[in-house]
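Q: I have a structure I would like to understand better, so I am pasting it below and will then ask my questions one at a time.
The values are calculated or read from the model by the stated rules, or taken from the named source; none is laboratory data. Quick caveat, the model's predicted, so the values are computed rather than measured. Positions of Cβ are backbone-derived with ideal geometry, glycine not excepted, and every protein chain shown enters the neighbour counts.
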């Protein structure tokens, strides 16, 4: 098995569609990390994931997975990665046992014992047809399949969307266990930032096909803040410090990109910590001078 | 081998209902034709030699008819690709270890397994008929089976080649219609395209096939049909391989 520093390395990737371009994006997911990939619907998350899985060809750039080229070494690396989509891609007529029979031959490292352990843990019926499963059960089955062949990298596209908080919490807990040995990595795209806030080590923000921000979650959360002030105070804030300004009837909320420095510079204001949701929201509106 | 077993198992589970239904229909048809031969075995053998010749010819034609049905069922589309696109498995399969070549090979394996199965059913009738009333029947049955299964496989190759351009449920309808239209067009061309022969009399390829059937028992003809069958299988494999290699736009 090869040694690698980054489970995913994306460098200058461009993918053009009619009406949308994934524009020269770059980010890395270090080995052992869980990366939250955040963006609103249509921002380019799914296109990025499809590009790195070679579901679609890219126009330019380089993608490496587990230290290997995503096209040249495709056959080898797909034995070592797992994918979870937002919709279950298995046929309705199959049951849990059928899926084990299918995956047993597809993955050299498939482990029936691990699979059945997850099935029992998720309390999934073994003989019931998948078509009769609820959305939560379908997602659990997909995750059980993804985690039963010792994949080093788990790529998830909106996997927790549409699930109730109890199921989401249960699934996030499983991911934490999966990451515990430092040998596994996760790229998890979602627009539910609360999930990523709980488990992600790193986050990457994407909007309109461009990466806005990428880095360690704690650093990003620590560096950003919401400065609350009166509307006429906005002119006192250095434009370099501002991500965007949200105005309302009571005043203005300014997202600042260096909270500590802002605290020193604007002592007569209140600067609250920002959540990932806030950061996404303010960055999405970065082109507007003011928004409400 | 484990990988192919899994891929073939998956396809078999998805198409099992289709093939079981087709097998039942085929066996019913075969029974309808074989029963009179079994029941009237002694009286047939007591007929004057001229009548036996006619009966042998009828039985040979029935064998060709069964070979045509069996070959068509084995070569026709089993709707697995359509189900794969609709369920999202096609997109998901790009993230799985099997390569395009391995997937194409497993598709071909499934086809060949079904072809071998229906060939066995067809040959049971031919062998039973030969055992009861004699005559040269096996060679023509094999030839007919190979020709019809090759034609069915050509239809399926075109159909799948077009259908696999669809990447999602939304595109399935569009490509499904185009693929079906291509199949109908090919059928129309094969059955209505006039061919000039001899005095300039026009006949369809279908009519011409009936003339060819007379020579079907000859060894060289079986060799030719076998070679055509192998070529069509190779074509099917290449089209499937290229289709699986193709990525979404």
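Q: Quick one: is residue A:100 within 13 Å of chain B (Cβ to nearest Cβ), touching a helix residue (DSSP H, G or I) at 6+ places or on another chain (Cβ under 6 Å) and either in a loop (DSSP other than H, G, I, E, B) or surrounded by 15 or more Cβ atoms within 10 Å (Cβ to Cβ) (or both)? Steps first, answer last, please.
A: Values: within 13 Å of chain B (Cβ to nearest Cβ): yes; touching a helix residue (DSSP H, G or I) at 6+ places or on another chain (Cβ under 6 Å): yes; either in a loop (DSSP other than H, G, I, E, B) or surrounded by 15 or more Cβ atoms within 10 Å (Cβ to Cβ) (or both): yes.
When the stated conditions are applied, residue A:100 passes them.
Q: Additional query: Could you please find all residues in the range A:266-278 being in contact with a strand residue (DSSP E or B) (Cβ under 7 Å, 6 or more places away or on another chain) and either over 20 Å from residue A:217 (Cα atoms) or outside any strand (DSSP E or B) (or both)?
A: Residues of the range A:266-278 that are in contact with a strand residue (DSSP E or B) (Cβ under 7 Å, 6 or more places away or on another chain), as a first pass: A:266, A:269-274, A:276, A:278.
Across the range A:266-278, the qualifying residues are A:266, A:269, A:270, A:274, A:276, A:278.
Q: Only one of (1) farther than 27 Å from residue B:83 by Cα; (2) without any contact (Cβ under 8 Å) to a residue 60 or more places away in the chain; (3) under 26 Å from the mean Cα position of the chain (by Cα); (4) more than 14 Å from chain B (Cβ to nearest Cβ) fails for residue A:113. Which number is that?
A: (3)
Q: Name the single residue, out of those in the range A:254-286 being in contact (Cβ under 8 Å) with a residue 12 or more places away in the chain and more than 30 Å from residue A:199 (Cα to Cα), that is surrounded by the fewest Cβ atoms within 10 Å (Cβ to Cβ).
A: Restricting to residues being in contact (Cβ under 8 Å) with a residue 12 or more places away in the chain and more than 30 Å from residue A:199 (Cα to Cα), the top hit is A:265.
Q: In addition: Quick one: which strands (runs of 3 or more DSSP E) lie wholly within the range A:190-265 and hold at least 2 residues that are closer than 27 Å to residue A:170 by Cβ?
A: Working: elements: A:202-207, A:210-216, A:225-229, A:242-248, A:251-256.
Those strands (runs of 3 or more DSSP E) span A:202-207.
Q: Could you check how many residues of the range A:25-52 are assigned to a loop (DSSP other than H, G, I, E, B) and either within 26 Å of residue A:180 (Cα to Cα) or within 14 Å of chain B (Cβ to nearest Cβ) (or both)? Show your work before the answer.
A: Initially, the range A:25-52 is screened for residues assigned to a loop (DSSP other than H, G, I, E, B), giving A:31-33, A:39-44.
Then keep just the ones that are either within 26 Å of residue A:180 (Cα to Cα) or within 14 Å of chain B (Cβ to nearest Cβ) (or both); that gives A:31-33.
Residues flagged as assigned to a loop (DSSP other than H, G, I, E, B) and either within 26 Å of residue A:180 (Cα to Cα) or within 14 Å of chain B (Cβ to nearest Cβ) (or both) within the range A:25-52 amount to 3.
Q: Being within 14 Å of chain A (Cβ to nearest Cβ) and modelled with pLDDT under 95, is that true of even one residue in the range B:58-73?
A: At the first step, the residues of the range B:58-73 found to be within 14 Å of chain A (Cβ to nearest Cβ) are none.
No, the range B:58-73 has no match at all.
Q: Okay, moving on. Scan the range A:33-54 and tell me whether some residue there is in contact (Cβ under 8 Å) with a residue 12 or more places away in the chain and over 17 Å from residue A:157 (Cα atoms).
A: Within the range A:33-54, the subset in contact (Cβ under 8 Å) with a residue 12 or more places away in the chain is A:33-49, A:51-54.
Those left that are additionally over 17 Å from residue A:157 (Cα atoms): none.
No.
Q: Can you tell me which residue among B:219, B:200 is at pLDDT below 90 and either surrounded by 17 or more Cβ atoms within 10 Å (Cβ to Cβ) or on the phi > 0 side of the Ramachandran plot (or both)?
A: Working: B:219 fails: either surrounded by 17 or more Cβ atoms within 10 Å (Cβ to Cβ) or on the phi > 0 side of the Ramachandran plot (or both).
Every option except B:200 fails the conditions.
Q: Looking only at the range A:1-15, count how many residues are assigned to a strand (DSSP E or B) and modelled with pLDDT under 95. It would help to see each step written out before you state the result.
A: Residues of the range A:1-15 assigned to a strand (DSSP E or B): A:6-15.
Next cut, modelled with pLDDT under 95 only: A:6.
Residues flagged as assigned to a strand (DSSP E or B) and modelled with pLDDT under 95 within the range A:1-15 amount to 1.
Q: If you don't mind, another one. Answer yes if at least one residue in the range A:156-164 is crowded, with 16+ Cβ neighbours inside 10 Å, assigned to a strand (DSSP E or B), within 14 Å of another protein chain (Cβ to nearest Cβ) and at pLDDT 90 or above, and no otherwise. Working first, answer last.
A: Filtering the range A:156-164 down to residues crowded, with 16+ Cβ neighbours inside 10 Å leaves A:156-161, A:163.
Still in the list and also assigned to a strand (DSSP E or B): A:156-157.
Remaining after also requiring within 14 Å of another protein chain (Cβ to nearest Cβ): A:156-157.
Applying the additional criterion that residues be at pLDDT 90 or above yields A:156-157.
Yes: one or more hits.
Q: Okay, moving on. Going by the structure shown, is residue A:251 without any contact (Cβ under 8 Å) to a residue 24 or more places away in the chain and in contact with a helix residue (DSSP H, G or I) (Cβ under 9 Å, 6 or more places away or on another chain)?
A: yes
Q: Going by the structure shown, is residue A:214 touching a residue at least 40 places away in the same chain (Cβ under 8 Å), closer than 15 Å to residue A:10 by Cα and within 13 Å of the chain's Cα centre (by Cα)?
A: On the way: touching a residue at least 40 places away in the same chain (Cβ under 8 Å): yes; closer than 15 Å to residue A:10 by Cα: yes; within 13 Å of the chain's Cα centre (by Cα): yes.
Yes, satisfied.
Q: Going through the range A:53-85 one residue at a time, which ones are more than 10 Å from chain B (Cβ to nearest Cβ) and surrounded by fewer than 18 Cβ atoms within 10 Å (Cβ to Cβ)?
A: If the condition is that a residue be more than 10 Å from chain B (Cβ to nearest Cβ) and surrounded by fewer than 18 Cβ atoms within 10 Å (Cβ to Cβ), then A:59, A:60, A:61, A:62, A:67, A:68, A:69, A:72, A:73 are the ones that fit.
Q: Residue A:148 is checked against (1) surrounded by fewer than 19 Cβ atoms within 10 Å (Cβ to Cβ); (2) more than 10 Å from every other protein chain (Cβ to nearest Cβ); (3) not in a helix (DSSP H, G or I) and fails just one. What number does that condition carry?
A: Evaluating residue A:148 over (1) surrounded by fewer than 19 Cβ atoms within 10 Å (Cβ to Cβ); (2) more than 10 Å from every other protein chain (Cβ to nearest Cβ); (3) not in a helix (DSSP H, G or I) leaves (1) as the failure.
Q: Would a scan of the range B:103-112 turn up a residue that is in contact with a strand residue (DSSP E or B) (Cβ under 9 Å, 6 or more places away or on another chain) and crowded, with 19+ Cβ neighbours inside 10 Å?
A: Here is the first cut: in the range B:103-112, the residues in contact with a strand residue (DSSP E or B) (Cβ under 9 Å, 6 or more places away or on another chain) are none.
Within the range B:103-112 (the criterion being in contact with a strand residue (DSSP E or B) (Cβ under 9 Å, 6 or more places away or on another chain) and crowded, with 19+ Cβ neighbours inside 10 Å), the answer is no, since none of the residues qualifies.
Q: A follow-up question, please. Given (1) in contact with a helix residue (DSSP H, G or I) (Cβ under 9 Å, 6 or more places away or on another chain); (2) over 14 Å from residue B:145 (Cβ atoms), identify the lone condition not met by residue B:70.
A: For residue B:70, the exception is condition (2).
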